[in-house]
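Worksheet for the structure shown next.
The values are calculated or read from the model by the stated rules, or taken from the named source; none is laboratory data. The structure presented is a predicted model; accordingly, all values stated were derived computationally and were not measured. Quick reminder, even Gly has a Cβ in these numbers, built from the backbone with ideal geometry, and neighbours come from all protein chains shown.
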Amino acid sequence: MKTAISYKNVKKFYGDLKAVNGITLNIKEGEFFGLLGPNGAGKSTLINMLAGLAKPSTGKISVMGYDVQNNYQEARHSVGIVPQELVFDPFFNVREMLRFQAGYFGKGKENDVWVDEVIERLDLTDKASTNMRKLSGGMKRRALIAQALVHKPPVIVLDEPTAGVDVELRQKLWEFIKDLNNDGHTIVLTTHYLEEAQELCNSVAMLRAGKVVAMDTTKNLLRKFATKNLKLKLNFKGEEKLPQKIDHIPHQIVEDAFIFQLKRITDITEITEALKESRVEIADIQTVDSDLEDVFLKLTNSNK
Ligand code: ADP
Ligand code: MG
């Protein structure tokens with residue numbers, strides 16, 4: 001599989017601030033890749049450097065084999081980027097803006113069929129003649145997604161595309177992006193909604209403070225870091241306190257339930273026996289699998 005995007009030892013400093021602090025990353029062609037991490041982790045900085053909007057302090061970045069700095073034109077043509085910030089030209093309506101953008105990429109009339117399809121799939125048909133500055137936030141984002149797609153780039157990068165977008169469009173947008181991925185487009189998505197990433201991305205990199213803390217297929221990450229959790233609802237006769245014997249088993253209290261992180265399967269016996277001894281009744285019992293959110297919490301806690 002060829003490499004669609006490569007970052008080699010990339011750093012980006014703003015004065016003393018290390019926004020990106022030594023990242024090496026290879027995203028293969030055809031992947032649906034998630035760049036995950038909390039606010040300030042460096043996701044947008046990575047993407048802005050890919051778009052040529054920010055210059056790396058050190059390191060090399062390439063898209064479809066083209067160096068972002070030395071082969072700027074080719075690199076720029078290979079990628080469609082939806083920035084996190086809603087930046088647009090206030091004088092154009094949606095269709096004009098899309099035609100103009102297509103023209104910038106050297107596309108002519110023959111491209112109109114594709115532009116119309118993009119407009120339709122993003123539910124922008126009714127707004128095609130509306131001026132950009134008159135659109136709501138969610139509509140602006142749709143238009144900017146369309147703008148990134150006009151030249152049908154092999155690599156599509158979306159920086160927090162669902163921020164401020166309603167649930168219905170979110171579903172539609174993902175259907176469209178999944179179709180593009182099935183047609184061979186490489187997709188890179190940043191999000192702090194880990195649930196969304198878990199559902200969509202086959203590989204992810206988790207960032208924290210400008211560094212990659214984990215990178216793998218979503219499946220492997222879940223397998224490597226997953227734990228079984230036991231969720232119990234308990235009826236206490238006396239004080240609402242766990243028997244001391246099992247207090248050492250890692251657990252948290254969520255609403256009215258205790259969630260134990262099981263290290264071994266025998267932990268279950270230990271828990272139920274200790275509860276029985278202390279005459280605490282189990283009202284409800286359930287096992288829960290961990291998700292990317294748990295993986296991320298574990299990784300960031302152990303790295304502190
Ligand atoms: P994310 O997209 O993961 O939320 P960013 O890449 O936007 O994170 O930001 C990473 C860090 O770099 C943050 O601390 C942010 O404040 C800082 N930063 C980003 N852009 C600039 C800039 N143009 N000037 C100074 N600091 C910046
Ligand atoms: Mg960001």
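Only residues that are surrounded by fewer than 18 Cβ atoms within 10 Å (Cβ to Cβ) and not in a helix (DSSP H, G or I): list them for segment 176-192, please.
Of everything in segment 176-192, those that are surrounded by fewer than 18 Cβ atoms within 10 Å (Cβ to Cβ) and not in a helix (DSSP H, G or I) turn out to be D183, G184, H192.
Do any residues in segment 11-24 that are under 13 Å from I47 (Cα atoms) have Cβ atoms under 8 Å from those of residues that are among the small types (G, A, S) and more than 9 Å from ligand 1 (Cβ to nearest atom), where the two are at least six apart or on different chains, and which pairs are they?
Listed by first residue and then by second, the contacts come to K11/G22; K11/S57; K11/G59; K12/S57; I23/G59.
Working only within segment 243-280, note down all residues that are over 19 Å from A226 (Cα atoms), of a type outside the set (V, I, T) and surrounded by fewer than 12 Cβ atoms within 10 Å (Cβ to Cβ).
Hits for segment 243-280 are Q244, D247, H248, E255, D256, E277, R279.
Before we move on, is V113 in the same structural domain as K43 (by TED's automatic domain parsing) and closer than 27 Å to I61 by Cβ?
No.
Mind counting the residues in segment 22-54 that are exposed (fewer than 15 other Cβ atoms within 10 Å of the Cβ) and either among the aromatic types (F, W, Y) or within 11 Å of ligand 1 (Cβ to nearest atom) (or both)?
4
Just a yes or no: is a residue in segment 162-172 among the small types (G, A, S), surrounded by fewer than 21 Cβ atoms within 10 Å (Cβ to Cβ) and in the same structural domain as R76 (by TED's automatic domain parsing)?
Yes; the residues of segment 162-172 include at least one that is among the small types (G, A, S), surrounded by fewer than 21 Cβ atoms within 10 Å (Cβ to Cβ) and in the same structural domain as R76 (by TED's automatic domain parsing).
Being farther than 22 Å from K211 by Cβ and out of contact with any strand residue (DSSP E or B) (no Cβ under 6 Å at 6 or more places or on another chain) is the filter; apply it to segment 288-304 and report the residue that is surrounded by the most Cβ atoms within 10 Å (Cβ to Cβ). If you could, list the steps in order and put the result at the bottom.
Step one: filter segment 288-304 for residues farther than 22 Å from K211 by Cβ, giving 288-291.
Subset that is out of contact with any strand residue (DSSP E or B) (no Cβ under 6 Å at 6 or more places or on another chain): 289-291.
Working: D289: 10, S290: 16, D291: 13.
So, considering only residues that are farther than 22 Å from K211 by Cβ and out of contact with any strand residue (DSSP E or B) (no Cβ under 6 Å at 6 or more places or on another chain), the one surrounded by the most Cβ atoms within 10 Å (Cβ to Cβ) is S290.
Out of K12, K60, K43, which single residue is away from ligand 2 (no atom under 14 Å from the Cβ) and charged (D, E, K, R)?
Answer to the check: K60.
Quick one: T130 ticks every box in (1) of a type in the set (V, I, T); (2) surrounded by fewer than 18 Cβ atoms within 10 Å (Cβ to Cβ); (3) under 20 Å from the mean Cα position of the chain (by Cα) bar one, so which box is it?
(3)
Scan segment 164-188 and report the pairs whose first residue is hydrophobic (A, V, I, L, M, F, W, C) and whose second residue is surrounded by fewer than 17 Cβ atoms within 10 Å (Cβ to Cβ) and not in a helix (DSSP H, G or I), with Cβ atoms within less than 7 Å and a gap of 6+ or a chain change.
L169/D123
Within the bounds of segment 1-13, is there any residue that is assigned to a loop (DSSP other than H, G, I, E, B), in contact with a strand residue (DSSP E or B) (Cβ under 8 Å, 6 or more places away or on another chain) and more than 18 Å from C201 (Cβ to Cβ)?
Of the residues in segment 1-13, the ones assigned to a loop (DSSP other than H, G, I, E, B) are 1-2.
In the following step, the residues that additionally are in contact with a strand residue (DSSP E or B) (Cβ under 8 Å, 6 or more places away or on another chain) were identified as 1-2.
Among the residues that remain, those that are also more than 18 Å from C201 (Cβ to Cβ) are: 2.
Yes: segment 1-13 contains one or more residues that are assigned to a loop (DSSP other than H, G, I, E, B), in contact with a strand residue (DSSP E or B) (Cβ under 8 Å, 6 or more places away or on another chain) and more than 18 Å from C201 (Cβ to Cβ).
Among L234, L221, L173, which is part of a helix (DSSP H, G or I) and farther than 28 Å from N111 by Cα? Quick ask: steps written out before the conclusion?
Details: L234 fails: part of a helix (DSSP H, G or I); L173 fails: farther than 28 Å from N111 by Cα.
Of L234, L221, L173, the one residue that is part of a helix (DSSP H, G or I) and farther than 28 Å from N111 by Cα is L221.
From V150, V113, grab the single residue that is among the β-branched types (V, I, T), within 22 Å of K172 (Cβ to Cβ) and surrounded by 18 or more Cβ atoms within 10 Å (Cβ to Cβ).
So the residue among V150, V113 that is among the β-branched types (V, I, T), within 22 Å of K172 (Cβ to Cβ) and surrounded by 18 or more Cβ atoms within 10 Å (Cβ to Cβ) is V150.
Does E85 qualify as being among the acidic types (D, E), within 16 Å of ligand 2 (Cβ to nearest atom) and out of contact with any strand residue (DSSP E or B) (no Cβ under 8 Å at 6 or more places or on another chain)? Please lay out each step first, then the result.
On the way: among the acidic types (D, E): yes; within 16 Å of ligand 2 (Cβ to nearest atom): yes; out of contact with any strand residue (DSSP E or B) (no Cβ under 8 Å at 6 or more places or on another chain): yes.
Yes, satisfied.
Report the residue count in segment 195-225 for those that are without any contact (Cβ under 8 Å) to a residue 60 or more places away in the chain and touching a Phe, Trp or Tyr at 6+ places or on another chain (Cβ under 9 Å).
So the count comes out to 2.
Evaluate segment 157-170: report whether one residue or more is basic (K, R), more than 16 Å from ligand 1 (Cβ to nearest atom) and part of a helix (DSSP H, G or I).
There is at least one residue in segment 157-170 that is basic (K, R), more than 16 Å from ligand 1 (Cβ to nearest atom) and part of a helix (DSSP H, G or I).
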